[in-house]
Ligand SMILES: Nc1ncnc2c1ncn2[C@@H]1O[C@H](COP(=O)(O)OP(=O)(O)O)[C@@H](O)[C@H]1O
Ligand SMILES: [Mg+2]
């Protein structure tokens, strides 16, 4: 069963093509990640799915509804956690939930019961009467998630759900998302945290400049795009070592600042060589999603959207 079906999805702003012919299927019940550097087109893709902006060309289906034509009907079954929290700062935690729930037609005892449930789910029962401005970043994010679940959505769309949160706050959100998955809810999230993608997502698409560069489970992506072992070497003289030894012992090397990354299927010869070099430090580890991401999207920082 397909939760989301995109064909040739394209969005241009003036002469900029920010979503560039995306074909994608998200299955029901899976956690699907859109991974990409800043400006890759993640938020725009989500806004297109929700009917918040119209495609320049291409086809969108969400839960069987044609978007944007049937966006209103679709939205009744979808929850959204936007990139920027849009909680009402003049209201308390419960007031935010009540207001939102009433948009979905919940009234009386149903409304009361649902709000109690959501407070619990967000671990915010003790903060029910606190103002939004008194909440930590993690609490605000959990409240936004609780709000998104008011209508018991079949699909929840989350734009960078944990950006800027500390590790504990992030873990709490992950727990909640995992328990949502056990109830059969489909999740689509964007992130630039590889760990988040690797831990939560059944499948993900790596997006850059509006295009899907790779698609698969974290494990499949690692197997398909990168050598399985990585040795990171640094220390004085690492550059010379790379030229004289590293690049011959590894399948591929890359230098970033003071560190040489050696990618290999067999790290024995590399490690043997490095034991004779007390002036160099190294760590060896399995390849990760981050290595795939950096290989596909480049190691330069993407602070500014590129043209
Ligand atoms: N409303 C808009 N008008 C013009 N350009 C936009 C608009 N929204 C997004 N963009 C541009 O589209 C590109 C992708 O943005 P976005 O989808 O927000 O990326 P991401 O969420 O991956 O960081 C960026 O270059 C951004 O500046
Ligand atoms: Mg974004």
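Miscellaneous remarks
- Taking all Cα pairs closer than 8 Å and separated by 6 or more residues, the relative contact order of the stretch 228-286 comes to 51 percent.
- The distance between label points at residue 16 and residue 223 comes to 3.8 nm (points 7 Å beyond Cα on the Cα→Cβ vector).
- Label zone (residue 232, point 7 Å along Cα-to-C-beta; backbone nitrogen cut-off 17 Å) within the stretch 250-270: 253-264.
- Between the stretch 171-200 and the stretch 81-133, the alpha-carbon center distance in angstrom: 21
- Ranked for footprinting exposure by Cβ neighbours inside 10 Å, fewest first, 13, 65 give 13, 65.
- Extension reserve of the residue 182-residue 121 stretch, reckoned as 0.36 nm per residue once the Cα distance is removed: 20.6 nm
- Annotation: the stretch 228-286 has a Kirkwood hydrodynamic radius of 10.9 angstrom, from the mean reciprocal C-alpha pair distance.
- Cα shape, the stretch 32-103, gyration tensor, a/c 1.5 rule: oblate
- For a label point 7 Å along the Cα-to-beta-carbon line of residue 285, residues of the stretch 205-233 with backbone N under 14 Å: 229-233
- In this simple spin-label model, placing a label point 7 Å from the Cα along the Cα-to-Cβ direction at both residue 2 and residue 76 gives a separation of 2.4 nm.
- Peptides 231-238, 17-24, 126-133, 35-42 ordered by packing proxy, namely the average of other Cβ atoms within 10 Å per residue, highest first: 35-42, 17-24, 231-238, 126-133.
- Straightening the chain between residue 255 and residue 211 buys 13.2 nm, computed as 0.36 nm per residue apart minus the Cα-Cα spacing.
- Fewest-first ranking of 154, 110, using other Cβ atoms within 10 Å as the exposure measure: 110, 154
- DSSP assigns beta bridges within the chain; of those with both partners inside it, close to 70 percent run antiparallel.
- Relative contact order computed over the chain (Cα-Cα under 8 Å; 6+ residues apart), in percent: 21
- Prolate/oblate/rounded call for the stretch 204-307, Cα gyration tensor, a/c under 1.5 rounded: oblate
- Of interest is the spacing of the C-alpha centroids, which for the stretch 234-290 and the stretch 2-22 amounts to 40 Å.
Coordinate-derived values only; no laboratory data. The structure displayed is predicted, hence computed values, not measured ones. Glycine also receives a Cβ, built like all others from the backbone with ideal geometry; neighbour counts cover every protein chain displayed.
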